[in-house]
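Taking it in order: structure first as structure tokens, then the write-up.
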Amino acid sequence: MPPPIIDSRHPEPASARNETPAQLLCRQWYQAYGRPLYNYLRFQVASPDIAEDLAAEVFLRAVRRADSFNPARGDPRAWLFRIAQNALRDHIRQTRRRPNISLGSFRDLAYQAPSPEERLLWEEEVARLVGALATLSARDQEIIGLCYGSQFTPADAGEILGIRGSSARMRLWRALRRLREALSE
Amino acid sequence: MRDVHHVLRQMRFEPRSSLLPELLGRVGRGDQPTPPRPYRGRRWRPIGLAAIVTGLLAVFALPRHQVTVDSCCYDLDGGGVPDDGAVVVADRNGRVSRLSVYEDRDTSRTLTEADVVRLVRAGVPMAEHSIHPGFTTIRHCCQDLDGGGPPDDGLLVIATPPDRVHTAAIYELR
């Protein structure tokens, strides 16, 4: 029997809250992969609201399709990120990307700046970077989102993208070069 | 600005803390994920195709705003008798698409089945290869042959009397 899942905000075991198996599964996946997956999405969309909607959409899809996940093939990380890829592509098809990002859209930006001034400078720096990121192709944004947003190694990103690690490394290198060019314009 | 790699490494976003409880609530209620909608391009594709087909039909198949002018009766073949007529099909005050020269056999002063058509010219320039010696050029000016209103069109016929029409043309006075 798997050990009970403990949520820091709800110290009692999840099973004690009478959650359904689907809710338990969702909680488990979210706690394991929610943050990297959110960052992967957030690196590629303009606002936290969209990233949150997409993240919720990914987990809803995953729970509904849980039968199609084969645990024998390892952890569900690559499977979840492929669902995220598809959700993101659906979103991109349906909406236009807005490359101009206002500072107000960084309410979800984590920071360790000790003063408000330093936070403001950090936000400006991130805003410039995200603005330049939005001008890149979806392919470039995807590899940067995986390797920096989700902090995967190029080999792990390659597994999600269905390419070799060396190819993912090369793709990342080229994407970073284009990002630097976009920033220097 | 610091190195891109360094900034990217430090960039972290945190989803709001209420996202998980909301998500669990949706899962508990049995909410379904949003079905993927066909994107706008696909939705507009049939409309775009219909517009293209309509445009092509308008250009190539549907009848244009054409006029047919039947002028009778003149001596267009040099036979000495004013028993010939010309039927002009033209865009209104524009390009002539068809020109027929006929002999008004039944004296109806219009082209009928009883008449003899001496020449039909449609669209492209034409002339018979063997123009007999003794041909004559006949002009009739000026009438409204293209339906434009002003009588600024002329009819030119090259014929060998008494009844051989080699070619004909419509011209407009400028």
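Residue check, residue A:29 against (1) over 15 Å from residue A:149 (Cβ atoms); (2) at the interface with chain B (Cβ under 9 Å from one of its Cβ atoms); (3) crowded, with 18+ Cβ neighbours inside 10 Å; (4) at pLDDT 90 or above, all met but one. Which one?
(2)
Please work out if residue B:4 is touching a Ser or Thr at 6+ places or on another chain (Cβ under 8 Å) and modelled with pLDDT of 85 or more. I'd like the intermediate steps shown before the answer.
Numbers: touching a Ser or Thr at 6+ places or on another chain (Cβ under 8 Å): no; modelled with pLDDT of 85 or more: yes.
No; evaluated as a whole, the condition is false for this residue.
Any residue at all in segment B:53-66 that is at pLDDT 75 or above and in contact with a Lys or Arg (Cβ under 7 Å, 6 or more places away or on another chain)?
No; the residues of segment B:53-66 include none that is at pLDDT 75 or above and in contact with a Lys or Arg (Cβ under 7 Å, 6 or more places away or on another chain).
Starting from segment B:1-25, take each residue that is facing another protein chain (nearest Cβ under 7 Å) and list its partners that are part of a loop (DSSP other than H, G, I, E, B) and among the aliphatic types (A, V, I, L, M), counting only C-beta distances under 8 angstrom and pairs at least six apart or across chains.
Pairs found: B:7/B:1.
Among all residue pairs at least 6 apart or on different chains, which show Cβ distances below 7 Å where the first residue, located in segment A:169-184, is closer than 15 Å to residue A:149 by Cα and more than 10 Å from chain B (Cβ to nearest Cβ) and the second is of a type in the set (Ser, Thr, Tyr) and assigned to a helix (DSSP H, G or I)?
Listed by first residue and then by second, the contacts come to nothing, as the list is empty.
Would you check which residues across segment A:102-135 are surrounded by 15 or more Cβ atoms within 10 Å (Cβ to Cβ) and over 16 Å from residue B:12 (Cα atoms) and list them?
Hits for segment A:102-135 are A:132, A:134, A:135.
Among the residues of segment A:48-88, which ones are part of a helix (DSSP H, G or I), basic (Lys, Arg) and either within 9 Å of chain B (Cβ to nearest Cβ) or under 21 Å from residue A:21 (Cβ atoms) (or both)?
If the condition is that a residue be part of a helix (DSSP H, G or I), basic (Lys, Arg) and either within 9 Å of chain B (Cβ to nearest Cβ) or under 21 Å from residue A:21 (Cβ atoms) (or both), then A:61, A:64, A:73, A:77 are the ones that fit.
Going by the structure shown, is residue A:153 on the phi < 0 side of the Ramachandran plot and in contact (Cβ under 8 Å) with a residue 40 or more places away in the chain? Talk me through it step by step, then tell me what you get.
Numbers: on the phi < 0 side of the Ramachandran plot: yes; in contact (Cβ under 8 Å) with a residue 40 or more places away in the chain: no.
No: the conditions fail for residue A:153.
The values are calculated or read from the model by the stated rules, or taken from the named source; none is laboratory data. Worth saying up front: this structure is predicted, and the values here are computed from it rather than measured. All Cβ positions, glycine included, derive from the backbone under ideal geometry; neighbour counts span all protein chains shown.
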